[in-house]
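The structure appears below as structure tokens.
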Amino acid sequence: MEIVHTPHAMTAWAQEQRHSGRRIGLVPTMGYLHAGHLSLVDEAKKNADAVAVSIFVNPTQFGPNEDFASYPRNAACDVALCREADVAAVFLPAPETMYAPDASVFVDEDVLCHGLCGASRPGHFKGVCTVVAKLFNIVLPDVAVFGQKDFQQAAIIRRMVRDLNFPVSIIIAPTLREPDGLAMSSRNAYLSTEERRQAVGLSRALDALMEGMPPSGTVLRHRMRDILEQHGLRVDYAEIVDAETLTPVEKISKGNVALIAAYCGTTRLIDNRVL
Ligand code: PAF
């Protein structure tokens, strides 16, 4: 397995793969890998001959009061997990190799990014789109795999790929869960024992959507909020939206998506379910 530290060397690695006739799969991550990330690697392996995992805690997608500095990092462990998972290359760039100090060109999706997570994290998706576009340009992958847990992110990346004609197929892989239903996330590492107990409220709120006849969006939103609050969680949003436009719906139909963001102590967790 190659460990690559600069965009230039990563482009050279990818070129070599293409010249040898290999399809490249990219799994962009911010590291602190868990089984959820490894399931994205498995999905990439099914669709490509050589899989690269990028590990980069991207500063531009964190707001000034967010957890960029404290975001969990463990490069040695991540590299070992990638080796075990038979990854062909790990791209571990230093921030200064990814962004020029006077970088002034960014990629900004401007419709899907305003609600849901975008409302409480202004600028977040501009940072995500910019770094993902950069990773696509560096690697030129045939396929890239993202997790469904970040549903809004996935929708925005798909839109970016469509609107900017990136020649890459996007695969969205299902969310992996702990035995009690909590969606796997690197941020779960922040939770105390008591908060970890409360955190199950997110998946419980989504489970409750399946009970009974499909009622209105308003009823379902209240149902989710009630369950989140019963678990001691502070609700950021509990929404039911159209899967493409991410706009709230009132009359529920198959394929609508329920999305939740809630604070467990100071940790903000997200989850979603396609109805
Ligand atoms: O989902 C993530 O981990 C990040 O937002 C991503 C896509 C790797 C961009 O930094």
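Things worth noting here:
- The amide H of Asn74, built 1.01 Å from its N in the peptide plane, has Tyr32 as neighbours under 5 Å, considering only residues 5 or more places off or on other chains.
- For the chain, alpha-carbon Rg over 2.2 N^0.38 Å: 1.01
- The residues Lys254, Lys134, when put in order of fewest to most other Cβ atoms within 10 Å, stand as Lys254, Lys134.
- In the chain, lysine pairs with alpha-carbon atoms under 26 angstrom apart (chain gap of 8 or more, or interchain): 9
- Relative contact order of the chain, pairs being alpha-carbon contacts under 8 Å that are 6 or more residues apart, as %: 17 percent
- For the range 36-189: rounded, prolate or oblate by the Cα gyration tensor [a/c cutoff 1.5]: rounded
- Sorting Met224, Met10 from the fewest to the most surrounding beta carbons within 10 angstrom yields Met10, Met224.
- Gyration tensor (alpha-carbon) shape descriptor, the range 156-272, a/c threshold 1.5: oblate
- Taking a point 7 Å from the Cα of Gln15 along the Cα-to-Cβ direction, none of the residues of the range 80-114 has its backbone N closer than 11 Å to it.
- Crossing angle, helix 7-19 versus the chain [Cα axis fit, 0-90 degrees, rounded to tens]: 80 degrees
- Rounded FRET efficiency, nearest 0.05, which uses the C-beta distance separating Gln230 from Asp108 and R0 of 35 Å: 0.35
- Summing Lys and Arg as +1 and Asp and Glu as -1 over all other residues whose Cβ lies under 13 Å from the Cβ of Ala119 gives a net charge of 0.
- Axis angle, to the nearest 10 degrees, between helix 75-84 and the longest C-alpha principal axis of the chain: 80 degrees.
Each reported figure results from applying straightforward, stated rules to the coordinates on display, with no laboratory input. Bear in mind that the values here come from a model prediction, so they are computed numbers and not experimental data. Cβ: placed from backbone, ideal geometry, glycine included. Neighbour counts: every protein chain shown.
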